[in-house]
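Comments concern the structure below.
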Amino acid sequence: MNTPQPDNERTFIISVLTENKSGLLNAITIIFTRRKINIESINVSESEVVGVSRYTIVVKLTREKAEKLVKQIRKLIEVLGAFLYEEEDTHYQELALYKVPLEPFLNDSQNTIENLIRQHFARILMVEREYIIIEKTGRKSETQQLFEELKAFGVSEFVRSARISISKSKRRTERFLEELEELSARTSKKVEYQD
Amino acid sequence: MQTLQAKSDKETSVKQDPISGSEAVLRCLIEEGVETIFGYPGGAIMPIYDALYGYADKLTHILVRHEQGAIHAAQGYSRVTGRVGVCFATSGPGATNLITGIADAQIDSTPLVCVTGQVASPLLGTDAFQETDVIGISMPVTKWNYQITNVDEIPAVFAKAFFIAKSGRPGPVLIDITKDVQNAMMQFSYKKCEKIRSYAPYPKPTQQSLQDAAELINTAKKPYILVGHGILLSGAQKEIVEFAEKAHIPVASTLMGLSAFPTDHPLYVGYLGMHGNYGPNIKTNECDVLIAIGMRFDDRVTGNLKTYARQAKVIHIEIDPAEIDKNVKTAVAINSDAKEALHELTPLIKKQSHTEWLQEFRDCDKIEHDKVIQHALHPETGKLKMSEVVNVISEMTNGEAIVVTDVGQHQMATSRYYKFKVTDSNVTSGGLGTMGFALPASMGAKLGKPDRQVIAVIGDGGYQMTVQELGTIMQYNIGVKIVVLNNSFLGMVRQWQQLFHEKRYSFTEMTNPNFIKLAEAYSIPAEKVEQRENLKAAVQKMLDAKGPYFMEVIVETEENVFPMVPAGASVTDIRLE
């Protein structure tokens, strides 16, 4: 028997491949609700395969709880696959938008805002008569840092997207779906066993 | 000429007159071999009922008295026949009344297809009359659900529904059909569903897991088998006997597994769990290899998980991967249908003998017999006891009846003392513990197996939760034998109040109606038994009755069911008194 490693609560990424069916988002999220597990972020988009959606769900859990949760997600009929990743097994990104009044930019004699945008590798998405919109991609800590620094100029609106991530796994979705075709075709051997 | 003839034949076979969505629903059911439907009409399902009027020769519909009765009847039907139970309800309250039964079927893995009417699709989301979001409400308690808003979807959705309900780990499916779809016309053709790419119901047991399991079993000194509902669902009754006999391993059963293994088999050691037998509970913590087959380590079986079978290497044969390592850590998991796993595993097992180990169970039986069973079955004074009533019924039916139980003390007494000799004979609400289950479930069981004796054993509390189904029993002359064990208490709650709440009997005492008059009001012959000396004759009269029959037995008011593993305690902390 291995000595058990401490199973601390930490960030996991659950990546779910599903058929594109209405109501499935609800079916997936109630699995979390029932267990009183908070979803840190959730993103749904079409995957590289037509008709297959990819959910990227971020949760803070112990591995044991996360594994049990993933098994419950797999039970949903239209779920093709659900995969559990530690944070470091993925490459991930988020997008943030900041609405800031135009006024400070017009009087930025020290280039403070310009330097801020350069340092954070952010960009100006749009300039309107009253405000500008700044866009930044990055991890949560990075988009949060820019938010903190922009506060001095008045951020009238701030939004951050759900995390999207790509796993380091070599698995190819197309190949995975082919395997599923075989697995799902398997029927019970009951008939052969009769007497 | 020949070509022309062939062409016209083909056309007639393909081109049929269009039919309504409602008729298509019934045609789908016939294609799936459905014979009996339990249901209750209402506004949003009226087109389907109208179509049913013309299908009376092909489909039997049983009009229940409440939708909960319909779904429990469908469950009872399914549990004794192994077929998919079907029920109909209207939108709104009709559909919500099904929910308890759907949740019950989900947790007890019972295949059902529930069809609910829905308001016309333009009215969806407008708070129309009798509109409820049934898809949303039933989502957490169904294996699958779907709302049909396009008439052409009907055949494919029904085919999928039956396939999902029945395959793999079975469960309830709900199809919600808007009223406009029921009235719309379509060209009908049907193809059974054989596969859904996102759903693999029959995982293949790996060679590695089979070999690992065989090695553990072949070197075990004190192996122990726990059988569950999965044996019955997979039809592995023969395989489990062969497996247990070859390796000479004691077999205990969960509540849902009762009747999967014959109680008179020399290797059968009894019933597991909170009110299970003494040996089967305490030996869980003494065995070296625990082989759990088609069961899910419910908390009523395991008690405190921290002290459950920690010394044992656990082999778990289970079709649902989510159940593996959920409650109990396994040494070897065989993820497959129980029948297939046993068929593959038995040839790898050495012929063995574990006589001394089996004797340890028998020694426990002696202790339990002296401290509990003897007093439970053969009291000489005082009021009748539930246990002795069940024992008399068990003896007089030779353990060959289908026994349907509700929830509570009578259920535990029946599970302990009815000696099942025939498989697929135990119908009870296990996981959900639904009071009111037994009476309607017994109707379904009798309609499913009309040639067998079907006895519903119910407490006075649960009986009154669905007692209106006496109307259904009367209308269709369903020959169920109803036994109400009346202690004028919600007995199990009262027992807990006595043991854990200083006898503070908070709202558990019941003033009951005259049950005999009530049965007679429904033209059901009835007898009340109060004296021990009258019991056998009354049971015989009941068993001999041709049609439905009601027997009320006045039992001891403050009888407790023992043994008992208190909630959250270890299985070794089982109390005999």
The long-range amide H neighbours of A:ARG10, using H built 1.01 Å from N in the peptide plane and a cut-off of under 5 Å, are A:LEU61, A:THR62
Region B:405-427-region B:497-533 distance, computed between alpha-carbon centres (Å): 20
Through the Karplus equation 6.51 cos²θ - 1.76 cosθ + 1.60, θ set to phi - 60°, convert the phi angles of region B:345-355 into ³J(HN,Hα) values in whole Hz; use x for Gly and Pro. 7, 3, x, 8, 8, 7, 5, 9, 9, 10, 4
GluC sites (Glu not before Pro) restricted to region A:21-63 and DSSP loop, no more than 10 other C-beta within 10 Å: A:GLU48
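Roughly what % antiparallel, to the nearest 5, for the DSSP beta bridges in the protein assembly as shown?
45
Relative contact order of chain B, please, whole-number percent, based on alpha carbon pairs below 8 angstrom and at least 6 residues apart.
On the way: 1303 pairs, mean separation 81.3, N = 577.
Worked out over chain B, it gives 14 percent.
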Can you give the FRET efficiency for B:TRP496 and B:ASP544, using 1/(1 + (r/R0)^6), R0 = 41 Å, r = Cβ-Cβ distance, to the nearest 0.05? 0.60
What list of ³J(HN,Hα) values in whole Hz, one per residue of region B:122-137 in order, does the Karplus curve 6.51 cos²θ - 1.76 cosθ + 1.60 (θ = phi - 60°) give from phi, with Gly and Pro shown as x? x, 8, 4, x, 9, 6, 5, 4, 6, 9, 9, 6, 5, 4, x, 5
Estimated [θ] at 222 nm from DSSP helical runs (n ≥ 4, -39500 (n - 2.57)) normalised by residues in chain B, nearest 500: -10500 deg cm²/dmol
Distance (nanometres) between label positions extended 7 Å along Cα→Cβ at B:HIS378 and A:LYS151: 8.2
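With the cut-off at 19 Å, report for region B:383-555 the share of all Cα pairs above it, as a whole percent. Write out the running numbers ahead of the final one.
Working: 7782 of 14878 pairs.
Of all Cα-Cα distances in region B:383-555, 52 percent exceed 19 Å.
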Once you have the Kirkwood Rh of region B:14-186 from its Cα pairs, apply Stokes-Einstein at 4 °C and 1.567 mPa s and quote D in µm²/s. 83
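DSSP loop trypsin sites (Lys or Arg not before Pro) in region A:29-114 with at most 13 other Cβ atoms within 10 Å of their Cβ, which ones? Could you put the intermediate results ahead of the total?
On the way: sites: A:ARG34, A:ARG35, A:LYS36, A:ARG54, A:LYS60, A:ARG63, A:LYS65, A:LYS68, A:LYS71, A:ARG74, A:LYS75, A:LYS99; in loops: A:ARG35, A:LYS36, A:LYS75.
Passing both the DSSP loop test and the Cβ count: A:ARG35, A:LYS36.
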Between A:LEU177 and B:ALA156, the FRET efficiency computed from the C-beta separation at R0 = 22 Å comes out, to the nearest 0.05, as 0.60
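Work out the FRET efficiency for B:ASN398 and B:GLU533 from their Cβ-Cβ distance, taking R0 = 35 Å, and round it to the nearest 0.05.
Details: r = 22 Å, r/R0 = 0.63.
Working from the Cβ atoms, E equals 0.95.
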Ratio of region A:25-149's C-alpha Rg to 2.2 N^0.38 Å, to two decimals? 1.43
Using unit Cβ charges (K, R positive; D, E negative) and no other charged atoms, how large, in debye to the nearest 20, is the dipole of region B:39-141 about its Cα centre? 340
Which Cα, out of B:PRO140, B:ILE107, B:PHE129, lies furthest along the positive dipole direction of region B:95-162 (beta carbon charges, K/R +1, D/E -1)? B:ILE107
Please identify every one of the chymotrypsin sites (Phe, Trp or Tyr not before Pro) in region B:496-577 that sits in a loop by DSSP and has no more than 13 other beta carbons within 10 Å of its own beta carbon. B:PHE507
Over region A:92-160: Rg over Rh, Cα atoms, Kirkwood Rh: 0.94
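What length, rounded to one decimal in nm, is gained on full extension from A:ARG10 through to A:SER41, with 0.36 nm per residue of separation minus their alpha-carbon distance? Before the final figure, lay out the partial values.
Numbers: separation 31, 0.36 × 31 = 11.16 nm, distance 1.42 nm.
Gain on stretching A:ARG10 to A:SER41: 9.7 nm.
Would region B:207-360 count as rounded, prolate or oblate if I go by the C-alpha gyration tensor, calling it rounded below 1.5 in a/c and otherwise prolate when a/b exceeds b/c, oblate otherwise? Please report the intermediate quantities before stating the final value.
On the way: a/c = 1.18, a/b = 1.07, b/c = 1.10.
The shape class here is rounded.
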Whether region B:466-569 is rounded, prolate or oblate, judged on the alpha carbon gyration tensor where a/c under 1.5 counts as rounded: prolate
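For chain B, give the magnitude of the charge dipole about the Cα centre (Cβ charges: +1 Lys/Arg, -1 Asp/Glu; no others), in debye to the nearest 20. Working shown, then result.
Values: 55 positive and 65 negative charges, 165 e Å.
The dipole of chain B has a size of about 800 debye.
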Net charge dipole size for the protein assembly as shown [Lys, Arg +1 and Asp, Glu -1 on Cβ; Debye, nearest 20]: 880
Please quote Rg/Rh for the protein assembly as shown to two decimal places, taking the Kirkwood radius as Rh and restricting both calculations to Cα atoms. 1.03
If you average the alpha carbon positions of region B:343-373 and of region A:153-186, how far apart do those two centres end up, in angstrom? 51
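When the Cα atoms of chain B are enclosed in a convex hull and the volume is divided per residue, what value in Å³ results? The partial results should precede the final answer.
On the way: hull volume 99.3 nm³, N = 577.
It is 172 Å³ per residue.
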Between A:ILE31 and B:ASN512, how many nm apart are label points set 7 Å from Cα along the C-beta direction? 4.5
With no solvent and one equal point scatterer per Cα, compute the Debye intensity ratio I(q)/I(0) for region B:98-170 at 0.19, 0.22, 0.24 Å⁻¹ and report its log10, rounded to two decimals. -0.84, -1.05, -1.16
Taking the solvent-accessible surface of protein heavy atoms with a 1.4 Å probe, what is the per residue accessible area of the protein assembly as shown in Å²? 44
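The values are calculated or read from the model by the stated rules, or taken from the named source; none is laboratory data. No experiment lies behind these values; they were computed from the predicted model shown. No Cβ is skipped: glycine too gets one built from the backbone with ideal geometry, and neighbour counts run over all protein chains shown. Protein only, heavy atoms only, side chains kept; ligands, DNA and RNA dropped before computing areas. Shrake-Rupley method; radii C 1.70, N 1.55, O 1.52, S 1.80 Å.
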